[in-house]
Amino acid sequence: MNCPFCNHPESKVVDSRPTDEGGSIRRRRECLACQRRFTTYETIEQMAMFVVKKDGTRQPFDKTKILNGLLRACEKRPIPLAVLESVANEIEQRLQNTLEREVSTNYIGEMIMKNLKEIDQVAYIRFVSVYRSFEDIDTFLQELQSIKTDSQR
């Protein structure tokens, strides 16, 4: 790391601490030549990931789309925004951990449904009804029955 003041190539780390909920490390450095201090941030390099849609098109992964879907499903439900942001972050992290460069919308949708089912059953039904686009009332009722059976266990 070159000093931003004198361009000397060597510095020492004076202090390190995690920031952004552990997403990066903040380091206070001191130049060995001019003794001036400066701050650097160390983050994990995120691999570019693409989402393969149902029609076969590809687009860059965007966590805000997951959060927006969660917000629509949970509209007027007593679920704190922090919980939904946490779910979106968790899904993004799990996708990054797979090391796959492409992921299907199906896979992402299943992850969202699994999380919503644990958080709020009404939000889950809202999301599933749009995501699975039920063709008739019978398949919708089957999904409701499976939720009722799961909640009685």
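Taking residues in the stretch 23-52 that are free of Cβ contacts under 8 Å to residues at least 12 places away in the same chain, and partners anywhere that are among the small types (Gly, Ala, Ser) and part of a loop (DSSP other than H, G, I, E, B), not one pair has Cβ atoms closer than 9 Å while being at least 6 places apart or on different chains. Just name the residue that is nearest to Met111 (Cα to Cα) out of those in the stretch 127-138 that are at pLDDT below 80 and either touching a His at 6+ places or on another chain (Cβ under 7 Å) or surrounded by 11 or more Cβ atoms within 10 Å (Cβ to Cβ) (or both). Ranking the qualifying residues of the stretch 127-138, first place goes to Arg132. Out of Glu30, Glu21, Glu75, one residue alone is within 30 Å of Gln121 (Cβ to Cβ) and not assigned by TED's automatic domain parsing to the domain that holds Glu85. It is Glu21.
The values are calculated or read from the model by the stated rules, or taken from the named source; none is laboratory data. Not measured: the values here are computed from a predicted model. Ideal geometry is used to build each Cβ from the backbone, glycine not excepted, and the neighbour counts take in all protein chains shown.
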